[in-house]
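See structure below.
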2 protein chains.
Amino acid sequence: MAPSDSSPPVTLDTINPKVLKCEYAVRGEIVNLAQRLQRELQEKPGSRPFDEILYCNIGNPQSLGQQPITFFREVLALCDHPAILDRSETRGLFSSDSIERASQILDQIPGRATGAYSHSQGIKGLRDTIAAGIEARDGYPADPNDFFLTDGASPAVHMMMQLLLRSEKDGILCPIPQYPLYSASIALHGGSLVPYFLDEARGWGLEISELKKQLEEAKSMDIIVRALVVINPGNPTGQVLAEDNQQEIVKFCKKEGLVLLADEVYQENVYVPDKKFHSFKKISRSMGYGEKDISLVSFQSVSKGYYGECGKRGGYMEVTGFSPEVREQIYKVASVNLCSNISGQILASLVMNPPKVGDESYESYTAEKEGILSSLARRAKTLEDAFNSLEGVTCNKAEGAMYLFPRILLPQKAIKAAEAAKTALDLFYARRLLDATGIVVVPGSGFGQVPGTWHFRCTILPQEDKIPVVVSSLTEFHKGFMDKFRD
Amino acid sequence: MAPSDSSPPVTLDTINPKVLKCEYAVRGEIVNLAQRLQRELQEKPGSRPFDEILYCNIGNPQSLGQQPITFFREVLALCDHPAILDRSETRGLFSSDSIERASQILDQIPGRATGAYSHSQGIKGLRDTIAAGIEARDGYPADPNDFFLTDGASPAVHMMMQLLLRSEKDGILCPIPQYPLYSASIALHGGSLVPYFLDEARGWGLEISELKKQLEEAKSMDIIVRALVVINPGNPTGQVLAEDNQQEIVKFCKKEGLVLLADEVYQENVYVPDKKFHSFKKISRSMGYGEKDISLVSFQSVSKGYYGECGKRGGYMEVTGFSPEVREQIYKVASVNLCSNISGQILASLVMNPPKVGDESYESYTAEKEGILSSLARRAKTLEDAFNSLEGVTCNKAEGAMYLFPRILLPQKAIKAAEAAKTALDLFYARRLLDATGIVVVPGSGFGQVPGTWHFRCTILPQEDKIPVVVSSLTEFHKGFMDKFRD
């Protein structure tokens, strides 16, 4: 075991096996291949049957042309460079409410220092704003001290996994399909993912009987299930949970003594009139469950919604129903990294407190927001219809979030060809799709799926003027694929 | 073990014991106490013998009044709100080179989208700039693909610990005293900290014989030492390593097959004319050691230097001497969190490529930079002298970084009083100092110290107009303390 002069100090055999085990398909093999193709296209334009790579693998709206909300960016710019706040030219460049808001925010920051580390949980005044926004959303009190502001939602998820997972005997109930941050984080922290399957035939429904079954099975393997992850609206599945279903979930967690980890980052992304987002906190409180009854963590991010500010890395978790001693441990872990970035913190407060009627920016803000959300709804429907028109493809509606997760039923000859290439069938399909069209999707195996079924995840994020090309290239590719491998 | 209806799902007995074990004194008990005092002062002004809390516990320059570098903030503001780049009013508000630089940076970002997730390692164009800056600094090539941009340096340290530590049988050689991020990260990732003691009598010197001794001792306990952490300039000790000492360290790592983890975040903070910062990469290359000879990771941050932009959470690590397969694993872990915040990435490129002679901002930039660095040097000297003038206190020079780490020799009566209060002596002292003066320092036990010796860490960051008050309050407090507890 002793390292010698000639062998390198770190090899795949000597790194942490938990790192080896971790997988993150959203930026996996297909994306590496896409980046190679992109370089090839830059070096030899015209060398492929397409001009550009369309990254439909990841919920990254601004990378595909979505414009940021002007008011948010005005405030961020002014907070970055407060020296211009009182200059007359600034009134010509910035809306009056952005100037006012930036001043208010600076007043909430000790010493107006946007370049200082903040409180480990985030700037108190911004947490006050967020809490007030959540109160207005839910109609139940929110405590600024319950919020931990983080660099996007991912570090918050890691913090909870780090807290809960002691060994592979600790399990986390996760939906299948799931967003692979969860499987990756559980692997990195050495716990066990306890899968529960969403019911594709019922619109990716979440059945309590399935939760019970999987919980019992885990117990029979001596796994202590610590928490239940629910992603609502769903990723990659797009379903929006019904209120009574959420109530059942809350009851289940209380009865079984599970922490409810609620991924609510798509709370502003609901596209169907008959569904509405309800936070699990609101549902719990409306059932009369208070702090003592349920341990609940809600994750939110500035990367999604209509704002789509992925690069700003703003996010937070609202932590309720934990003892002060456990809260102190979460605080300690947050403190080791000092604080999340201040621009992200400011943005997290802005999305919970956007311009109001009467503010100079209100009209443009509303137009930008409605424009983005209605366009996303149209794109979701167009792509869903397009997938459903393809031979062997079925696709549930995207009620919310930013993805479609069509199921593909492929001919035996394709299955054999994938086997011969020692490749999962969905990866085999996604690779050929990329190669023929430049469209990047993520194979369903990256999210988990019922064994023997195959899917891929495709975002609804290409801009509307690109959608016809996406639909026609997808259709043409799929027809060609089916013809080639027809039995 | 099964959770019942009445017991909460998470208690101190059921959380990850690694979290319980982790300590981070920089934001520990003393800071909580200070925050309480601050609220008290706000509610009842005049209730204490001081008007404000002076946070000398943490390297957070802008929280104590240091102003950001104007050029950097101009560029950040323009990148946040590129819509104003072409407006005529902008020319009246921003320097011409900041406008030009912002345009250049936007051109380097795919789609000019500062709101999009970037490449998992950071935007390629910004990594090009950073690599060029490192080449200019060291005189040896730097590869943009070796850089991983992170939200401050802390997540980079965690990533390396996560990669290297498999169990408590894996050890990391760390200086004592050390910056507690290292002990915290090793605890969280379940490894063992193998201490090596810096020699206080020789200006906190790093002795190779001590490294050897501790490595052998660890081996005898079946601990596989994976890496050596060196903090240069030192935190909390302020020493700047001599070139020949660095060469010995590099040789030692190569011989023993250790990864060299070089914390170089204070590279711009050197205050004495006879010492210079040399990166470990430069030292290694100047010895003829290439990629195959030494595995080296250098950490850098935008939080320190003359910029002190802690709230922006920008930083990176330069990873050299690892196999492509291991690099791929690091890339995978970086991908799980998608990317670091784009403002922090931009700022990391700016500090490696500041205004040059001939640029409109060059003069003001240079004046701001020199003003901050020369003032820090004066403050370091004044505080060092003040400490050394106190009875029973000895303090090594701060050659670099942002801290002094004086040793306190206290009377037996104080030792007994601390014992009676079941408190470490340095915590006992720091608490009373805070209570009497509002000055927040961190007890030496948070960094580690030779058993039986006592220290505290105090930043050199209060603004110059505050230094006389700091010195007089410290002096008065210390005299009173010594008189009270004189044997």
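Please treat every number below as a calculation from the coordinates, not as lab data. Treat the numbers as computed from the prediction; the structure is a model and nothing was measured. We place every Cβ from the backbone using ideal geometry, glycine too, and count neighbours over all the protein chains shown.
Excluding residues on the same chain fewer than 8 positions from B:LYS44, give the aspartates and glutamates whose Cα lies under 15 Å from its Cα.
Result set, ordered by chain and number: B:GLU52.
At B:GLN42, label 7 Å along Cα→Cβ: distances to the other copies, nm, ascending?
Once sorted, the set of distances for B:GLN42 reads 4.8 nm.
Between A:ARG486 and A:ARG112, with labels modelled 7 Å along Cα→Cβ, what's the label distance in nm to one decimal, could you check?
7.2 nm
Roughly speaking, what is the stretch gain from A:SER96 to A:LYS479, that is 0.36 nm per residue apart minus the C-alpha to C-alpha distance, in nm to one decimal?
Details: separation 383, 0.36 × 383 = 137.88 nm, distance 5.44 nm.
Length difference between fully extended and current span is 132.4 nm.
What does the charge count near B:TYR307 come to, summing +1 for each Lys or Arg and -1 for each Asp or Glu among other residues with Cβ under 11 Å from its Cβ? Kindly include the intermediate steps, with their values, before the conclusion.
On the way: positive: B:ARG73, B:LYS304, B:LYS312, B:LYS369; negative: B:GLU268, B:GLU309, B:GLU368.
Summing Lys and Arg as +1 and Asp and Glu as -1 gives +1.
Using Cα positions and a limit of under 13 Å, work out the aspartates and glutamates in reach of B:LYS275, with same-chain residues fewer than 8 apart set aside.
The qualifying aspartates and glutamates are B:GLU243, B:ASP244, B:GLU399.
For region A:292-328 and region B:296-332, what is the separation of their C-alpha centers, rounded to whole Å?
Between the Cα centres of region A:292-328 and region B:296-332 lies a distance of 27 Å.
Inter-copy label distances at A:GLU248, 7 Å along the Cα→beta-carbon direction, one decimal in nm, shortest first?
A:GLU248 label point versus its equivalents elsewhere: 7.0 nm.
Compute the label zone of B:LYS213 within region B:388-416: residues whose backbone N is under 14 Å from the point 7 Å along Cα-to-Cβ.
Answer for this model: none.
Under a point-charge model restricted to the Cβ atoms of Lys and Arg (+1) and Asp and Glu (-1), what is the dipole moment magnitude of region B:117-351 relative to its Cα centre, in debye to the nearest 20? Each step should come with its number before you reach the end.
Values: 24 positive and 29 negative charges, 63 e Å.
Magnitude of the dipole: close to 300 debye.
Can you tell me which lysines have their Cα less than 30 Å from the Cα of A:LYS413? Leave out same-chain residues fewer than eight positions away.
Within reach: A:LYS397, A:LYS422, A:LYS479, A:LYS484.
Cut-off is 10 Å between beta-carbons; in what order do B:ARG226, A:ARG313, B:ARG202, B:ARG327 appear when sorted fewest neighbours first?
Details: B:ARG226 28, A:ARG313 31, B:ARG202 11, B:ARG327 16.
So the residues, fewest neighbours to most, are B:ARG202, B:ARG327, B:ARG226, A:ARG313.
Select from A:GLY438, A:LEU41, A:GLY452 the residue farthest towards the positive end of the dipole of the protein assembly as shown; place +1 on Cβ of Lys and Arg, -1 on Cβ of Asp and Glu, and compute about the Cα centre.
The Cα lying farthest towards the positive end belongs to A:GLY452.
What is the P(r) of region A:1-136, as percent of Cα-Cα pairs per 10 Å bin from 0?
Using 10 Å bins, I get a P(r) of 9, 20, 18, 21, 22, 8, 1 for region A:1-136.
Treat the count of other C-beta atoms within 10 Å as a stand-in for reagent exposure and order B:CYS22, A:CYS253 from fewest to most. Please report the intermediate quantities before stating the final value.
On the way: B:CYS22 22, A:CYS253 28.
Lowest count first: B:CYS22, A:CYS253.
Which FRET efficiency value, to the nearest 0.05, do you get for B:ALA242 and B:GLU291 by plugging their Cβ-Cβ distance into 1/(1 + (r/R0)^6) with R0 = 25 Å?
Values: r = 25 Å, r/R0 = 1.02.
Efficiency, rounded to the nearest 0.05: 0.45.
In nm, one decimal, shortest first: how far is the label point of B:ALA421 (7 Å from Cα along Cα to beta carbon) from the matching points in the other copies?
7.1
If I model a spin label at A:ARG202 and A:SER323 as a point 7 Å from the Cα along the Cα→Cβ vector, what separation in nanometres do I get?
3.7 nm
Work out the charge dipole of region A:117-351 with +1 on the Cβ of Lys and Arg and -1 on the Cβ of Asp and Glu about the Cα centre, then indicate which of A:THR150, A:ILE123, A:THR237 is farthest towards its positive end.
Final value for the positive-end residue is A:ILE123.
Give me the orientation-averaged projected area of the Cα convex hull of region B:117-351, in nm², one decimal.
11.9 nm²
Scan around A:ILE439 for amide H atoms under 5 Å from its own, H built in the peptide plane at 1.01 Å from N, and keep only partners 5 or more places away or cross-chain.
A:LEU54
Using a Debye calculation, one point per C-alpha and no hydration shell, please list log10 I(q)/I(0) for the protein assembly as shown at q = 0.07, 0.08, 0.09 Å⁻¹ in order.
Log10 I(q)/I(0), no solvent term: -0.59, -0.78, -1.01.
What list of ³J(HN,Hα) couplings, whole Hz, do you get for region B:147-152 from phi and the Karplus terms 6.51, -1.76, 1.60, once you set θ to phi - 60° and write x for glycine and proline?
9, 10, 7, 9, 6, x
So if we plug the beta-carbon distance of B:GLU52 and B:ALA424 into 1/(1 + (r/R0)^6) with R0 = 30 Å, what FRET efficiency do we get, rounded to 0.05? Display every interim value, and only then the final one.
On the way: r = 27 Å, r/R0 = 0.89.
Result of the calculation: an efficiency of 0.65.
Round to a whole angstrom and tell me the spacing of the C-alpha centers of region A:112-164 and region B:386-436.
Their Cα centres are 35 Å away from one another.
Could you work out Rg/(2.2 N^0.38 Å) for chain A, with Rg from alpha carbons only?
Values: Rg = 23.5 Å, N = 487, 2.2 N^0.38 = 23.1 Å.
Cα Rg divided by the expected 2.2 N^0.38 Å: 1.02.
Name all residues of region A:334-352 having a backbone nitrogen under 16 Å from the label point set 7 Å from the Cα of A:ALA132 along its Cα→Cβ direction, giving them as ranges.
Of the residues in region A:334-352, A:346-352 have backbone N under 16 Å from the label point off A:ALA132.
For the pair B:GLU40 and A:SER88, how long in nm is the line joining their label points, each one 7 Å along Cα→Cβ?
Going from the B:GLU40 label point to the A:SER88 one covers 5.0 nm.
Counting only DSSP beta bridges with both residues in region B:117-351, tell me the antiparallel percent, nearest 5. Present the calculation step by step, with values, prior to reporting the outcome.
Numbers: 11 of 30 bridges.
If I count the DSSP bridges inside region B:117-351, around 35 percent turn out antiparallel.
Per DSSP H run of at least 4 residues, take -39500 (n - 2.57); add these up for chain A, divide by its residues and hand me the 222 nm value, nearest 500 deg cm²/dmol. Before the final figure, lay out each step's value.
Working: 17 runs with 209 residues, N = 487.
About -13500 deg cm²/dmol.
Show me, for region B:356-367, the HN-Hα J-couplings you get by feeding each phi into the Karplus relation (A = 6.51, B = -1.76, C = 1.60, θ = phi - 60°), rounded to Hz, glycine and proline as x.
Each residue of region B:356-367 in turn: 10, 3, x, 6, 4, 7, 4, 5, 5, 4, 5, 4 Hz.
Mind scanning A:LYS251/A:LYS282; B:LYS21/B:LYS304; B:LYS18/B:LYS219 and naming the pairs with a C-alpha gap bigger than 19 Å? List each step's numbers first, then the result.
Working: A:LYS251/A:LYS282 14 Å; B:LYS21/B:LYS304 28 Å; B:LYS18/B:LYS219 23 Å.
Result: B:LYS21/B:LYS304; B:LYS18/B:LYS219 exceed 19 Å.
By counting other Cβ atoms within 10 Å of each Cβ, how are A:LEU193, A:LEU433 ranked from fewest to most?
Lowest count first: A:LEU193, A:LEU433.
Kindly write out, for region B:53-70 in residue order, the coupling ³J(HN,Hα) from the Karplus curve 6.51 cos²θ - 1.76 cosθ + 1.60 (θ = phi - 60°), rounded to whole Hz, with x marking Gly and Pro.
Going residue by residue, I get 8, 9, 7, 9, 8, 9, x, 10, x, 6, 5, 9, x, 4, 8, x, 5, 4 Hz, with x marking Gly and Pro.
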